[in-house]
Amino acid sequence: MSLQVADVESARKFWREIVGLPEKSYCPAWVELELRPGLLLALHPVFYAKALEKRGYDRGGPVLGIRVMNLDEMGSLVERHGARSLGGVHEIPGGRARDFEDPDGYVFELVELQS
């Protein structure tokens, strides 16, 4: 999965340092972060600006779901670092989830599953 971002370094910091995705490779115009073994999130500069005119749910496209141990703590952390909540916590089968918009306008979901 790849995302066009306005600032590769800022996006790299958000996804690597705040969300906690391990970095697999880096150069100034391309970053690969591991979502799980064999599945990468690539960040690269914007090449088609019209694709970023809309934000959040209005942009459409896939929603990246990230499993977390503590939804409330992680939600607060990502909000302190530029993410915007798109609603409250909602129940899902086997747990809870909450949607956010990252600093570049992409929707992602934090998911806490019950043990």
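We did not get these values from a lab; they are worked out from the coordinates using the rules stated. Predicted model only: the values in this text are computed from it and were never measured. Note that each Cβ is placed from the backbone with ideal geometry, even for glycine, and that neighbours are counted across all protein chains shown.
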*Neighbour net charge for ARG12 - beta-carbon separation under 11 angstrom, K R +1, D E -1*: -3
*Would you mind listing how long region 5-115 runs along its three principal axes, going by Cα atoms, in whole Å with the largest first?*
39, 30, 25
*asked:* To test your reading of the geometry: what angle, between 0 and 90 degrees and rounded to tens, separates the Cα axis of helix 71-80 from the longest principal axis of the chain?
replied: 40 degrees
*Take every DSSP beta bridge whose two residues both sit in the chain, then give the antiparallel share in percent to the nearest 5.*
70 percent
